[in-house]
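Below you'll find the structure I mean.
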Amino acid sequence: MPDEGITSTDRGRSLSPYAGRWIARVHGQVIAQGGTPEQARRAAQNSRFKESPEILFMPTQLPLTFPPLLEKIRAALPGDESVYLVGGAVRDILLGRATHDLDFALSGDAIKTARRVANALKGGFYPLDSQRDTGRVILAAEDGRRTMLDFAAFRGPDLEADLRGRDFTLNAIAMDVRTLALYDPLGGALDLREKRLRLCSPSAFTDDPVRILRAVRQAAAFGFRILPETRQAMKNAVKLLPDISPERLRDELFRILEGPQQATSLRALDLLGALAPVLPELPALKGVAQPSPHVSDVWAHTLSVLTYLETILAALSPEYSPDTASDLFNGLMVLRIGRYRQQIAEHFNAALNVNRSLQGLLFLAALYHDIAKPLTETAGEDGRMRFWGYDEEGAKMAAERMRALQLSGVEIDRLETILRHHMRIHYHTSQLVKGQKSPSRRAIYRFFRDTGAAGVDVCLLTLADLRGTHEHNLPQEVWAACLDVVRLFMENWWEKRAESIAPPALLNGNDLMKDLDLQPGPVIGKLLEAIREAQATGEITSRPEALNFAREHMKSSEGAELSESKGER
C-alpha cells in the first residue's frame, strides 16, 4: 500500500520520472520501479535480492481532477474491501477529461457492493450478470441525465490478471478508490503520454473482434496512432466480425458516429476491411460518378458530408468557439442561424432511445443519404447521369439495414423520414436562386406535416450535403440562399409553430359530422387536415370560417370524392 509518509522531498524533482509509478527504495535510494507493487518488488529482487525494499507509490506530478461523485462512493463502500476504479474513467482522469459513467473492479461480492452503494446514494440497482458477479447502480440527476456505476468481480485471480485481459493498455489502468494509487502493469499511462494505441495481449482482437471498431473509435477520439502490429492484428481478425451479434456492432457503430472524426474513422474501417461486415451497402458507393455540381464520386461525397456535418454542428453548438466558424461559409451560417443553437441542442437532447443519441442517428442518415444511387443510376438522352427515386429507395434500404442492426421502430421511422425528404430543402434553395421564390406558408406547413421534428435534421443534413457537393467551389449566393431557406424553416418550427405548423384546432370531428351532416369515416380526417392547412396559410382564423371552408372544400372538384360520403338522415 502507499506510504502516507512520503515527504515533499520525495515528490521533488529527483523522483519526477516515477510520478504515477510504484518504486522500490532501499536506504532512501530508488532501486526499481513498476506499474504495480509486485512489479516494483520483482524488479528490486533482480538486483538486490538480499534486501527488503520499501515499496511506495509516487503521486502524479500534476493534481488529478476526480468526479465529485467519487467521494460519495468511497464513503459508501465496505471498509474491508479494496475497490478499484478501472477502464475509461481512469484514462479520462489521467487525460484531464470529464468522466461520467464509472466502472469498478473488486475481488468479490461485487453485486452486494453495488446494492450497498445504490442504497447509500438512493439510486437504482439491478444485477447485470449474476454468474460473473456484476451489478449496476443508476443515479438520475434533476435534469434527467443518468450516471451508471458498474461493479464487477475480477476477471481472473487478481487485479493484474483482470487488467491484462482488457483491450488496450490505455484502458488497463486501475486506481485504488481509497488511496488513489495507480496500478498500471502494462504501461498504459506511458502510452497515453506517447499517444499510441497498443494491445494488452496478442489475442485481444480474436478474443473479441468488436475491439477492431473500438480501436478505430478511440484512436480518433484521443488523436492516437495505432501501432503497426496492432493494425495488422486488426486486419487478421476482420474475418471474425460476422460472428459478432448485430446489437454489439450497432452499439460500437453509434459510438463512432457520436464521437469525433466520423469520416476518418469510417475511412479507416474501410481500409481495414471492417466496413463491409458492419454496413455492407456502403462499398457499392465507391467509384459511382455524379454529374456537376458534384466534384467527387458518391463514396467520397458521403465522407465529405460527414466531415461538414461535424463542423456545422460544432459551430452551432452552445459551446461555440469562433475557431469553429473560421471559414467564410461557417461564419455566414452562424450569422444567419446561430440564434437557434440552444434549440438545436435541445432538439438533440430529446433522444428516441436512452442508449443512442439523435445526433448519432443524424450521422447515420448522412452516411446513407445517397445509398441507393448505385441502384438507380441511369443515363438520360442528353447523356447526363441521373438517379431517379434514389431518395425513396434509399430510405427503404437504410430501414432494412437498421432493422438488421436491431434499432428501435421509432429510430428507423426517424431515419426513413430524413432520407425520404432530404432533397426538399435543396429544391427550395434552387427556387430561391433561380427565381427569387421563397418557400410559401403552404410549403412550410406541408414540409413539417411530413417530417415533424425530423425536419430539423433535414435542414442540418442539407447544409452539410450542399457543402459536400460543391466542396470549395460552392457559390456564395447558393450557400446564402440555402441558409435563408433553412432559417425560414427553423423560424417557423421554433418561433411560429402555433401559427404555421400546428395551429390550434377550430373544429373537431364531431363538429364536422353535426354541422355538415357527415357520417364517420376517412372524409372527416381529410377535412380536418385541409382545415389545418388553411389555418397555417392564413386563409381561415375562426370556427365559422372553418365550417364554411369545409363546405366549399366538399363542393370543389378536389372535394368531389369526399362529398360522396355525405350521409342522409
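Every read-out reported here was derived from the displayed coordinates using simple, explicitly stated rules and does not represent laboratory data. Computed from a predicted structure; not experimentally measured. Cβ coordinates were reconstructed from backbone atoms using ideal geometry, including for glycine residues, and neighbour counts include every protein chain displayed.
Under 16 Å from the 7 Å Cα→Cβ point of E194, by amide nitrogen: which residues of the stretch 224-258?
224-231
Provide the gained length on full extension for the span A289 to R386, in nm with one decimal, where the gain is 0.36 nm per separating residue minus the Cα-Cα distance.
In short, 33.9 nm is gained.
Which ³J(HN,Hα) values, rounded to whole Hz and listed in residue order, are derived for the stretch 509-518 from phi using the Karplus coefficients 6.51, -1.76 and 1.60 in 6.51 cos²θ - 1.76 cosθ + 1.60 with θ = phi - 60°, glycine and proline given as x?
With coefficients 6.51, -1.76 and 1.60, one gets x, 5, 4, 5, 5, 6, 7, 10, 6, 10 Hz.
Suppose R0 equals 51 Å. What FRET efficiency, 1/(1 + (r/R0)^6) with r the Cβ-Cβ distance, do D92 and S438 give to the nearest 0.05?
Details: r = 47 Å, r/R0 = 0.93.
So the FRET efficiency works out to roughly 0.60.
Classify the stretch 13-57: rounded, prolate or oblate, from the alpha-carbon gyration tensor (a ≥ b ≥ c, eigenvalue square roots; a/c under 1.5 rounded; otherwise prolate if a/b is larger than b/c)? Mind dumping the intermediate values first?
Details: a/c = 2.20, a/b = 1.38, b/c = 1.59.
Because a/c hits 1.5 or more and a/b fails to exceed b/c, the stretch 13-57 counts as oblate.
Using a basic spin-label model with each label point 7 Å from the Cα along Cα→Cβ, how many nm lie between Q519 and Q29?
Here the answer is 10.6 nm between the modelled labels.
Related question: So which of K235/K286; K496/K526; K434/K526; K434/K496; K239/K373; K239/K396 end up more than 30 Å apart, counting from Cα to Cα? If you can, show how the numbers build up before the last one.
Working: K235/K286 21 Å; K496/K526 24 Å; K434/K526 34 Å; K434/K496 27 Å; K239/K373 28 Å; K239/K396 28 Å.
Beyond 30 Å: K434/K526.
Count neighbours as other Cβ atoms within 10 Å of each site's Cβ, and list the chymotrypsin sites (Phe, Trp or Tyr not before Pro) in the stretch 377-433 that are DSSP loop with at most 11 such neighbours.
Values: sites: F387, W388, Y390, Y427; in loops: W388.
Here the sparse-neighbourhood loop sites are W388.
How much length is gained if the chain between E477 and E545 is pulled fully straight, taking 0.36 nm per residue apart and subtracting their Cα-Cα distance, in nm to one decimal?
On the way: separation 68, 0.36 × 68 = 24.48 nm, distance 4.15 nm.
My answer for the length gained is 20.3 nm.
Please give me, ordered by residue number, the trypsin sites (Lys or Arg not before Pro) of the stretch 191-285 that lie in loop per DSSP and have at most 14 other Cβ atoms within 10 Å. The partial results should precede the final answer.
Working: sites: R193, K195, R196, R198, R211, R214, R217, R225, R231, K235, K239, R248, R250, R255, R267; in loops: K195, R198.
Here the sparse-neighbourhood loop sites are K195.
While we're looking at this one, here's another question. Just for the chain, what percent of DSSP beta bridges are antiparallel, to the closest 5? Let's see the in-between values first.
Values: 36 of 43 bridges.
Taking every DSSP beta bridge with both residues in the chain, the antiparallel ones total about 85 percent.
List the equivalent ellipsoid semi-axes of the stretch 271-334 in whole Å, largest first, each obtained as the square root of 5λ for an eigenvalue λ of the Cα gyration tensor. Walk me through the numbers on the way to the answer.
Working: eigenvalues 171, 55, 12 Å².
Square roots of five times the eigenvalues give 29, 17, 8 Å.
How large is ³J(HN,Hα), in whole Hz, for each residue of the stretch 337-345 in order, when computed from phi with the Karplus curve 6.51 cos²θ - 1.76 cosθ + 1.60 and θ = phi - 60°, using x for Gly and Pro?
Going residue by residue, I get 10, x, 5, 9, 4, 5, 5, 5, 4 Hz, with x marking Gly and Pro.
Want the number for R225 to S245: 0.36 nm per residue separation, take away the alpha-carbon distance, what's left? Display every interim value, and only then the final one.
Numbers: separation 20, 0.36 × 20 = 7.20 nm, distance 2.78 nm.
Gain in length upon complete extension: 4.4 nm.
Further question: Kirkwood Rh, the chain, all Cα pairs: how many Å?
Details: mean 1/r = 0.0360 Å⁻¹.
Hydrodynamic radius (Kirkwood, Cα only) of the chain equals 27.8 Å.
Here's another thing I want to ask about it. When E552, E471, E310 are ordered from fewest to most other Cβ atoms inside 10 Å of their Cβ, what list results?
E552, E471, E310
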